[in-house]
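One structure is given here, and the rest of the page talks about it.
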Amino acid sequence: MLRLIRSVIGAPYSVLLYSCWSLSSTCSARVHAWQVRVTRTERHHTLFSTVRHQDPPLVLNPETHRFIKPNGPKWRKIMHQVGGYIVHQNALTPIARKALCRWETEQEDQQEQRKNLQCEEENQDERDVADQPHDSSWYLLEASEASPSENKFAIDNGESWPFLDQLLFVHKPSELLTLPGIGPHKQTCLASLVNDWLEIEKAAINSQGFDIWQVAQASALFNTPPSKKQQRKQRKDIGTHEFVPRPCHRLDYDTSGVLVFGLTRDALRLTNTLFQEESLATTKLLQKTYVALVAGHVANDTGVIDYPIGKIYNAEKDFNEFVCLDDASPYRPSDFVDKSLRKATTKWTVLQRFSLPVEVDSNTGGDFVRYTRIQLQPQTGRGHQLRLHMASIGHYILGDRLHAPTSIATATPRLCLHAETLEMGVRMTEPSGSKGGIDSKEPKHYATKIKVESIPPF
């Protein structure tokens, strides 16, 4: 083939043209080989791309010295019926019931104690990273179609939708940074672990990471070329060096759950746009739900918290701290850092209320401990929003060492806040053999909404 091209157009351009032809053929073959397959089921569609779902690790039950499967029958009985346990470091860990009882009977001013315990997230991260080993037990998650196939629609302005094959969904464990921080002790993070895994896998032909990477690069051929303005922004934000996959959003150090990576520049840019509040408010293409354990019994079954959140300068500690301007707050809007006070809204739904017996003594004072399993849907993305909003209604998240009283902060060894689901709009290519599909001369894409789930550890 190279000799034929050289004889027609001459040597100077033959190598370049041959390289382009070779790249095009290779990419076409990759797309053909690693196409997305949609399997129909009675209830919904499951998307089987090259990302094969990894089951979460088994959990040790210290009482029986046996392992149980997350979300299995025994798991659901312990977590949703019996109660009193969470999963920490892949083992069932009991909730400190007496600590919760002390909180219910404490007479001191909870509001004042909460203010004294607030500290900056960066300082909290630094202390945790320095004192505790990293939890590197991340794993891949699977995406399923949130809408039936008849609701698929053709794309008119596809620039606003990332391709599914250019995204990587993972489970982030608690006690692990999303991105590296400042200092050598804060370099190990989810982004570094995922990229190290991809680099190793890319060197092994036919490995899972190799397949993921090749499909993402082949899918990138369908991307709409960025505008000059977008190119300038990319050079400013990412630079002109080789692109390195990175998270499209963040989860706090001690929060676990679903997190999405962009495997290409376009996927990162488009997904970042979906996470922006303006895009979410107008298109509703992205929705997140969290599960949390909170102290006490929440009275109503559903509700909305609509208190603004901003930053207050703490002169004693010399940093800005997140504060919720609720009805009981001692602060005024003028006390907040300029332009930091912004609207924040959280919807919540009670999933289950627990009342567990506890041994009565002079310290606890009660015979039952009460807590609630609750679903949270943030409508905005403010710092510490879910922690502060639950604290504002008097139901602190268990294990919250930033805003909760000591008895609540020490009730569990980790923060009981988990990003359970992520729903977002994506683009896909019609399956092989369908009209206008990937085997046809003009591939046809469609938009759909996918849902990614991570099993809560409580």
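The values are calculated or read from the model by the stated rules, or taken from the named source; none is laboratory data. For clarity, every value in this text was computed on a predicted model and none was experimentally measured. When we count neighbours, we look across all protein chains shown, and the Cβ atoms used for this are built from the backbone with ideal geometry, even at glycine. Calculation scope for accessible area: heavy atoms of the full protein, side chains included, ligands and nucleic acids excluded. Shrake-Rupley method; radii C 1.70, N 1.55, O 1.52, S 1.80 Å.
Taking the criterion of being open to solvent by 10 Å² or more (accessible area, probe 1.4 Å) and modelled with pLDDT under 90, would at least one residue in the range 416-427 satisfy it?
yes
Evaluate the following for residue 196: is it within 26 Å of residue 420 (Cα to Cα) and among the charged types (D, E, K, R)?
yes
Considering only residues that are under 30 Å from residue 59 (Cα atoms) and either at pLDDT below 85 or open to solvent by 50 Å² or more (accessible area, probe 1.4 Å) (or both), which ones fall in the range 155-180?
179, 180
I need a count of the residues in the range 58-90 that are in a helix (DSSP H, G or I) and either among the charged types (D, E, K, R) or surrounded by 14 or more Cβ atoms within 10 Å (Cβ to Cβ) (or both).
6
Take the residues in the range 181-222 that are open to solvent by less than 30 Å² (accessible area, probe 1.4 Å) and touching a Gly at 6+ places or on another chain (Cβ under 9 Å), then tell me which one is nearest to residue 138 (Cα to Cα).
189
In a loop (DSSP other than H, G, I, E, B) and over 28 Å from residue 419 (Cα atoms) - does that describe any residue in the range 295-310?
No: the range 295-310 contains no residue that is in a loop (DSSP other than H, G, I, E, B) and over 28 Å from residue 419 (Cα atoms).
If residue 354 satisfies every condition in (1) outside any strand (DSSP E or B); (2) open to solvent by less than 10 Å² (accessible area, probe 1.4 Å); (3) hydrophobic (A, V, I, L, M, F, W, C) but one, which is the exception?
Among (1) outside any strand (DSSP E or B); (2) open to solvent by less than 10 Å² (accessible area, probe 1.4 Å); (3) hydrophobic (A, V, I, L, M, F, W, C), the lone unmet condition for residue 354 is (1).
Name the residue, out of 400, 326, 361, 338, that is surrounded by fewer than 15 Cβ atoms within 10 Å (Cβ to Cβ) and at pLDDT 85 or above.
Within the list 400, 326, 361, 338, the selection yields 338.
From the list 451, 441, pick out the single residue that is modelled with pLDDT under 90 and charged (D, E, K, R).
So the residue among 451, 441 that is modelled with pLDDT under 90 and charged (D, E, K, R) is 441.
Among the residues of the range 250-257, is any among the acidic types (Asp, Glu), surrounded by fewer than 16 Cβ atoms within 10 Å (Cβ to Cβ) and either under 21 Å from residue 164 (Cα atoms) or modelled with pLDDT of 70 or more (or both)?
no
Against the definition (open to solvent by 20 Å² or more (accessible area, probe 1.4 Å) and modelled with pLDDT of 85 or more), how does residue 317 come out, yes or no?
Judged against the criteria, residue 317 is not a match.
Take the conditions surrounded by fewer than 16 Cβ atoms within 10 Å (Cβ to Cβ) and at pLDDT 95 or above and apply them to residue 349. Does it pass?
yes
Among all residue pairs at least 6 apart or on different chains, which show Cβ distances below 7 Å where the first residue, located in the range 254-267, is free of Cβ contacts under 8 Å to residues at least 60 places away in the same chain and the second is outside any helix (DSSP H, G or I)?
The qualifying pairs are 265/238; 265/243.
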